[in-house]
Structure formats: structure tokens, C-alpha cells
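K.L.:
Okay, handing you the structure first.
We did not get these values from a lab; they are worked out from the coordinates using the rules stated. Keep in mind that what you see is a predicted model, and the values were worked out from it rather than measured. Because the Cβ atoms are built from the backbone with ideal geometry, glycine has one as well, and the counts that use them run over all protein chains shown.
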Amino acid sequence: MATNRKHLKSGSTCPPLKENLLRLYNMRFGPFGRRVKLVLTAKNIPYEEILVNLTDIPEWYLKKNPSGEVPILEWIDPTSNLIRSIPESMIICNYIDDFYPEHH
């Protein structure tokens, strides 16, 4: 797991998304993102974590999630090359469980 330890805020630029790597937008001490991290770690799934400053939300993040909430899981779909994303920790965890059943 790669983590950018600095919380990105308004005026920052969104780091480029890497192919074949899930990205988790999160905040350092958020319980909902922690839930997703536990599932990813338990299943040994590599991911990149991007920390978002929720008191000074980056403009680019609001385009990804207009509510400004974390977590969001994002990835490049290998079949379409489109960027896909899922908000809400429980929905993300269910997706991970369904899409990565072989990881346990």
C-alpha cells in the first residue's frame, strides 16, 4: 500500500491514477476509510491511498464526489479504460468482496 501522507487541499492537483492499482481517497483518522483499508489489507489487495483535507476540499475532489465525503475507491477499468469509482465504505467493501473473491 502506498500512501501520500500529506492531506491534499484546495489548489492542489490530483495525482495521476495508476493502471492496475486501486486508489482509496480517505482522511487519516476516518473510521469509514479505515473499514475499507482493513478489507483491502485482509485480502492482500494492493492500493494507493490519497488523503483529502475535508476542511479545505480540493476542487478536483468535488468533481469526483460532489458531497465531498470520503472514502471513495477509484480505478481504471481494464476493459474500457474508463475511470470508475464507488463511494461509501460499505458499498466499497461489498464490491471488493464480490470482485476479489479469490483474495482472503
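K.L.:
Per residue of region 7-22, what does 6.51 cos²θ - 1.76 cosθ + 1.60 with θ = phi - 60° give for ³J(HN,Hα)? Whole Hz please, x for Gly and Pro, Karplus curve as stated.
P.N.:
6, 7, 10, 4, x, 7, 10, 6, x, x, 6, 8, 5, 6, 9, 6
K.L.:
Residue 86: net charge of surrounding residues, Cβ under 14 Å, Lys/Arg +1, Asp/Glu -1, itself excluded?
P.N.:
Surrounding charge for residue 86 is -2.
K.L.:
Shifting gears a bit: Using helices alone, I'd like the mean residue ellipticity at 222 nm for the chain: each DSSP H run of four-plus residues gives -39500 (n - 2.57), total over residue count, nearest 500.
P.N.:
-8000 deg cm²/dmol
K.L.:
A further question on this structure: Please compute the length gained on full extension between residue 19 and residue 76, using 0.36 nm multiplied by the number of residues separating them and subtracting their Cα-Cα distance.
P.N.:
Value of the extension gain: 19.9 nm.
K.L.:
Okay, moving on. FRET efficiency for residue 28 and residue 102, Cβ-Cβ distance as r, R0 = 25 Å, nearest 0.05?
P.N.:
0.25
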